[in-house]
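Below is one structure, written out as structure tokens; the observations come after it.
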Amino acid sequence: MSTFIIVHARILTLAGDSAPRRKEAMNELGVIENGFVSVRDGIIEHVASGDPDEEFINTHNDVPVVDANGRVLLPAFVDCHTHTCWAGNRLEEFELSLQGVSYLDILKRGGGIMSTVRAVRESSQEDLCLDVLGRLGLMASQGTTTVEIKSGYGLTTESELKMLRSIHDASQDVPQFIVGTFLGAHAIDSEQENFTDIVIHESLPAVVQEFPKITCDAYCEQGAWSVDNTTRLFEKALDLGCPIRAHVDQFNSLGMLTKAVELGAVSVDHLECSSDEELKVLAASDTIAVLLPVSGFCLNDVYARGREIIDFGCPVAIATNYNPGSATSPSMPFAISLACRKLGLTTAEAITAATHNAACVLHLQNKVGRIEVGMQADLQLLDCEDERDLAWHVAAGGPLLVSIKGDIVHLLTDGEMETEDEV
């Protein structure tokens, strides 16, 4: 059903202009204490306080109604940084981590990213697609309806294209909006001579030929891509008409944050080790900070200084970074809880970071991330009457209702939420 009305809801509209929110604006959720939202053919057609008036009822008397009974209605989540396409598992490496072996040491032993690379190279495009579909189902049940998915576990032209094709195939089989990103610069494959040149001059052009204007990402870190090689890649990507994003400062501050901002990066992601000077440069730019608290939880209990990053004036988004090694959670509610507990965000800031600002990272802020007339009806109804419950709860159940383009893809009831046939 792509046409329905939700009544008696506490609505977090996040209404406002389409620019990324900064500072105090990140706390402004555009709350309607008790209102209703009307959806027709997958598009939000009406948002108002109170109950529908008689004229509205007369023109919508055949429309199904959901009674929220005072619960929180907000935009569905936008997960703007994930590695949801992978094969195999890293359970042996998980055991090593429990014994105190660091992530970078596992990477040096040929594990980490490279172990998943080997599994992806051995997998078919069809099997990769099936794996992605299963994970997207989990994410939808947690309120996520827009997902960015990176390649980066192929590290050959053929395998990177296989990943991107499987991501595209999955996008055709789910209602969620899926955005593919090229991350051929995810690690250094030491078995390939002149690997960085191959990625820059062979893989990237081949990917762009099949997926024009795809965003190009890179993991700049010790043991991975250097600042110089990342810069060369980004300059080539920009020449080919691709937006750029960068993983920076996860374990070490190498100077790539400033360089990425100079090159006009859409986002810089991680920022656990960014300096004050770099953050001030970021705050003076249009580049968005994407913070990934699940990585800190899974790896080393080190987190980006979210409170200070916002106070500096940077626009902030948060994401799960869902992947098989360093962020093994598909849950945006969990990322929100961590963002508040470990990064110092308020609940309102975390919600903004997980909806509107995350949509801005993907250039989808005019389609999703707010509850306004004309926006796509990607909505979720929480089982609570106060949005702060999102941050307070840890590993709780998902929302009662999730709609994507007006289609209700997830629905739970507890006897209090009512679904009626008409107004």
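None of the figures in this text is laboratory data; all of them are computed from the coordinates on show. A quick note: this is a predicted structure, and the numbers were derived from the prediction, not measured. Backbone-built Cβ (ideal geometry, glycine too); neighbour counts: all protein chains shown.
Projecting the Cα atoms of A246, C314, A339 onto the dipole axis of the range 78-361, where Lys and Arg carry +1 and Asp and Glu carry -1 at the beta carbon, places A339 farthest toward the positive end.
With 25 Å as the limit, the listed pairs K162/K213; K150/K280; K342/K367; K150/K213; K342/K405; K213/K367 have K150/K280; K342/K367; K342/K405 beyond it between alpha carbons.
Which one of F36, V290, Q192 has its Cα pushed farthest toward the positive end of the charge dipole of the chain, where Lys and Arg give +1 and Asp and Glu give -1 at the Cβ? Result: Q192, furthest along the dipole toward the positive end.
Of the trypsin sites (Lys or Arg not before Pro) found in the range 177-243, those that fall in a DSSP loop while having at most 12 other beta-carbon atoms within 10 Å are K213. Counted by neighbouring Cβ atoms within 10 Å, the residues T82, T258 run from fewest to most as T258, T82. Computed over the range 42-201, the convex hull of the alpha-carbon atoms projects to a mean area of 13.9 nm².
With kT/(6 pi eta Rh) evaluated at 10 °C and eta = 1.306 mPa s, and Rh the Kirkwood radius from Cα pairs, the range 304-423 diffuses with a coefficient of 101 µm²/s according to Stokes-Einstein. What is the magnitude of the charge dipole of the range 134-209 about its Cα centre, with +1 placed on the Cβ of each Lys and Arg, -1 on the Cβ of each Asp and Glu, and no other charges, expressed in debye to the nearest 20? Rounded to the nearest 20 debye, it is 420 debye. Dipole orientation for the chain: of the candidates F211, G406, G100, G100 has the Cα lying most toward the positive pole (charges on Cβ; Lys, Arg +1; Asp, Glu -1). Our estimate of slack between K280 and D53, defined as 0.36 nm per intervening residue step minus the Cα-Cα distance, is 76.8 nm. A simple rule links phi to the HN-Hα coupling: the Karplus curve 6.51 cos²θ - 1.76 cosθ + 1.60 with θ = phi - 60°, which for the range 62-75 gives 10, 9, x, 10, 10, 8, 6, 6, x, 6, 7, 10, 9, x Hz, with x for Gly and Pro. Applying the Karplus relation 6.51 cos²θ - 1.76 cosθ + 1.60 with θ = phi - 60° to the range 280-293 yields 3J(HN,Hα) values of 5, 5, 4, 5, 8, 10, 9, 6, 9, 7, 10, 9, 10, x Hz, where x marks Gly and Pro. Note on the range 78-361: Rg/Rh from Cα positions, Kirkwood definition for Rh, rounded to two decimals, is 0.93. Around the amide H of S267, modelled in the peptide plane, lie the amide H atoms of A246, I288, all under 5 Å away and 5 or more residues distant in sequence or on another chain. For M375, the residues 5 or more places off, or on other chains, whose built amide H falls under 5 Å of its own are I44.
Note the full-extension length gain between R388 and N89 as 0.36 nm times their separation in residues minus their Cα-Cα distance, in nm to one decimal.
Details: separation 299, 0.36 × 299 = 107.64 nm, distance 3.44 nm.
Full extension from R388 to N89 adds 104.2 nm.
A Cβ-based charge dipole, computed about the Cα centre of the chain with Lys and Arg at +1 and Asp and Glu at -1, lands at about 1200 debye. Here the range 317-364 has an Rg and Dmax of 10.8, 29 Å, counting Cα atoms alone.
Using only the alpha-carbon atoms, how far is helix 157-171 inclined from the longest principal axis of the chain? Give it as 0 to 90 degrees, nearest 10. In the chain, helix 157-171 runs at an angle near 10 degrees to the longest axis. Applying the Karplus relation 6.51 cos²θ - 1.76 cosθ + 1.60 with θ = phi - 60° to the range 223-234 yields 3J(HN,Hα) values of x, 10, 7, 7, 4, 5, 6, 5, 5, 4, 4, 5 Hz, where x marks Gly and Pro.
Close amide H partners of L401, meaning residues 5 or more places away or on another chain with modelled amide H under 5 Å apart, are L381, L412.
Between A19 and N300, the contour length at 0.36 nm per residue exceeds the alpha carbon distance by 97.8 nm.
Within 15 Å, Cβ to Cβ, of G30, how many net charges do the neighbouring residues add up to if Lys/Arg are +1 and Asp/Glu are -1? Each step should come with its number before you reach the end.
Values: positive: R10, R21, R370; negative: D17, E24, E28, E33, E349, E372, E387.
Counting the neighbours of G30, the net charge comes to -4.
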